[in-house]
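> Sending over a structure as structure tokens; questions will come in a sec.
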Amino acid sequence: MIDPRFSEAELDQRREHITTFIREQIAAANADGAILGLSGGIDSTLTGNLAVDALGADSLHALVLPATVSGDENMSDAERVARELDVTYDVIEIEPLIDSLLTVYPEAEGDREAVGNARARVRAVLNYLVANHENRLVLGTGNRSEAAVGYFTKYGDGAVDCHPIGNLYKAQVRQLARHVGVPEDLASKTATAELWANQTDEGEMGISYETLDSILVSHIDGPLSVAATCRELDVTPETVDRVREMYERSEHKRRAPPSPDPLT
């Protein structure tokens, strides 16, 4: 089986590679630091740890952006991470902004997906409001597994200046988080985008991250056929086909907005 996990030597290399990348992005933009939305989840927690490694705590400003659907535990964890990193952070409730949107367009009220994506986009607006005001870059928290199947909001959590952990599969995110000292209760925490109540990533996608990562590594990004992937992973062809379909249908999220070809 093709295993996405790193060796110990590779973990140190990845850590150095990502922290160097963050420093280079900030320097290239002549920015004064970075903005990071902290959700209490493992992706933003790891990104915060690497950003502090790269820039120092004084150069990272964290935002905790709860909505009414946000779990108290996640928001508590987000603030806990900010305190442990010793970074400046602000807590800004986003639901009044969502209410304002639904006041001017009440037709969307009750549309769980539309309102959930609006929450992600409002968070992006706030990230950039603070980033522009303070001459900072917005750090993304998306990983390779989510990007491959389009599990992010276009112009929401996908609207950032760079994705420091964008080349890491979810298993690698958890592994690197443990390597840099993230507590186990955060490293192993159930992933949720919290776009609506009681949402989990795996529940919405209908597949575990472990299975998703294995199919991505073996078949989507790797050399194995559907049949070989099924044999190696002991999964059904329908599961592999479903991941392939998610990958192909979400291609537009991974590309710049298209425009017509030039006239010749």
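> Using 7 Å Cα-to-Cβ label points, what is the Glu10/Ala27 separation (nm, one decimal)?
Computed distance between label sites Glu10 and Ala27 equals 2.8 nm.
> Go ahead and run the numbers for FRET between Thr200 and Val130, Cβ-Cβ distance against an R0 of 41 Å, rounding to 0.05. Provide the component values of the computation, followed by the final result.
Details: r = 28 Å, r/R0 = 0.69.
The formula returns an efficiency of 0.90 here.
> Continuing with this model, one more query. Order by neighbour count: Ser218, Ser59, fewest other Cβ atoms within 10 Å first, most last.
Starting with the residue having the fewest Cβ neighbours, the order is Ser59, Ser218.
> DSSP H helices in the chain with Cα extent of 27 Å or more along the helix axis and mean Kyte-Doolittle hydropathy at least -0.5?
Span-like helices, by this rule, are 112-134.
> How big is the dipole moment of the stretch 146-254 about its Cα centre under a simple scheme where the beta carbon of each Lys and Arg is +1, that of each Asp and Glu is -1, and everything else is neutral? Debye, nearest 20, please.
Around 200 debye, computed over the stretch 146-254.
> Can you sort Ser70, Ser76 from fewest to most other Cβ atoms within 10 Å of each residue's own Cβ? Could you put the intermediate results ahead of the total?
Working: Ser70 22, Ser76 12.
Neighbour counts put them in this order, fewest first: Ser76, Ser70.
> Modelled label-to-label distance, Lys253 and Glu95, 7 Å Cα→beta-carbon offset: nm?
2.6
> How far apart, in nanometres, would the label points at Asp58 and Ser208 be if each is projected 7 angstrom from Cα along the Cα-to-Cβ direction?
Spacing of the two 7 Å Cα→Cβ label points: 4.6 nm.
> Rounded to the nearest 500, what is the chain's calculated 222 nm mean residue ellipticity when only DSSP H runs of at least 4 contribute -39500 (n - 2.57) each, over all residues? Intermediate values should be presented prior to the final figure.
Values: 12 runs with 135 residues, N = 264.
Computed mean residue ellipticity for the chain: -15500 deg cm²/dmol.
> Report which label in (1) 30, 28, 18; (2) 28, 24, 20; (3) 33, 22, 20 holds the value of semi-axes √(5λ) of the Cα gyration tensor in Å derived from the coordinates of this structure.
Comparing each candidate, only (2) matches the computed number.
> If the only charges are +1 at each Lys and Arg Cβ and -1 at each Asp and Glu Cβ, what is the size of the charge dipole of the stretch 8-202 around the Cα centre, to the nearest 20 debye?
440
> Considering only Val104, Ala29, Pro4, whose Cα is most displaced toward the positive end of the charge dipole of the chain, charges sitting on Cβ of Lys, Arg (+1) and Asp, Glu (-1)?
Ala29
> How many angstrom separate the Cα center of the stretch 50-116 from the Cα center of the stretch 214-264?
31
Every read-out reported here was derived from the displayed coordinates using simple, explicitly stated rules and does not represent laboratory data. Predicted, not measured: the structure shown is a model, and the values here were computed from it. Counting neighbours? That spans all protein chains shown, and the Cβs are built from the backbone with ideal geometry, glycine included.
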